[in-house]
Every structure is written in C-alpha cells, then in structure tokens.
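Colleague: Pasting a structure below so you can have a look.
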Amino acid sequence: MNSTRRVAIKLDQDMLDRMKRLAAAKGRSTHWMLRQAVSQFIEREESREVFRAAAMEAWHQYQVTGLYVTHDDTDAWQYRHCGQSAAGFRLRRHGPALGV
C-alpha cells in the first residue's frame, strides 16, 4: 500500500506567488505543482546519480587497465557502425596500468 506523508516547505513570497500564477494558468492546485516539481527533481537526480556511478566505474577501469578510446576513433567507429556494439573500438594504453 502506498501511503503519503505531509512535508512542510518554506518558500519566499515571490516564489509562492509565481507558483500560484502558474497553477492558476494550468488549472491545477499548488499542491499538484509542488508534487510535480519534487517528482521531476527526484527523477533528474536519480538519473544523474546513475550517470555519475557509471563514470566512476569507467574511471576505475581506466586506472586499473590504462585502456582508453580516443575521440577520433569513437567518431570514426560511429560513422562506420552507427547503432552496432562497441566491439569495433581499438583500445589504446596510456603508459603502464596504474594498478589501483
């Protein structure tokens, strides 16, 4: 069962007035506007966190292996194989593996 809880938020008068004008223009309540804002914020931040975690894992793999793909190689591969797997990338090594 999905239960809801009350949450208090403090807004300055200008922001509250702006939200009320938007809500009226959309034929919605300020409550609906706040729920939409919070929902969109959470979705965006969760997506950013997934992206950040993938970037950190890629950085870790680079530190361990020293392997990378250049921007020029990526562009060339994309033009040749748009939509195919990344198996065609030629990995390069930048010095010795850092062994993290």
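Colleague: Scan the range 56-81 for residues that are of a type in the set (Val, Ile, Thr) and either farther than 20 Å from residue 93 by Cα or in a helix (DSSP H, G or I) (or both) and jot them down.
Modeller: Quick first cut of the range 56-81, residues of a type in the set (Val, Ile, Thr) only: 64-65, 69-70, 74.
Correct list: 64, 65, 74.
Colleague: Do we find a residue being surrounded by 12 or more Cβ atoms within 10 Å (Cβ to Cβ), farther than 20 Å from residue 4 by Cβ and basic (Lys, Arg) anywhere in the range 19-39?
Modeller: Looking through the range 19-39, at least one residue is surrounded by 12 or more Cβ atoms within 10 Å (Cβ to Cβ), farther than 20 Å from residue 4 by Cβ and basic (Lys, Arg).
Colleague: If you check residue 54 against the conditions, is it at pLDDT 85 or above and among the small types (Gly, Ala, Ser)?
Modeller: Yes: the conditions hold for residue 54.
Listed here are the residues, each with its yes/no results for (1) more than 30 Å from residue 93 (Cα to Cα); (2) of a type in the set (D, E, K, R); (3) part of a helix (DSSP H, G or I).
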residue	(1), (2), (3)
4	yes, no, no
7	yes, no, no
24	yes, no, yes
47	yes, no, yes
54	no, no, yes
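Matching residues to (1) under 30 Å from residue 68 (Cβ atoms); (2) not hydrophobic (A, V, I, L, M, F, W, C):
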{"residue": "9", "(1), (2)": "no, no"}
{"residue": "13", "(1), (2)": "no, yes"}
{"residue": "22", "(1), (2)": "no, no"}
{"residue": "33", "(1), (2)": "no, no"}
{"residue": "39", "(1), (2)": "no, yes"}
{"residue": "48", "(1), (2)": "yes, yes"}
{"residue": "53", "(1), (2)": "yes, no"}
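The values are calculated or read from the model by the stated rules, or taken from the named source; none is laboratory data. Being a predicted model, the structure only gives us computed values, none of them experimental. Backbone-built Cβ (ideal geometry, glycine too); neighbour counts: all protein chains shown.
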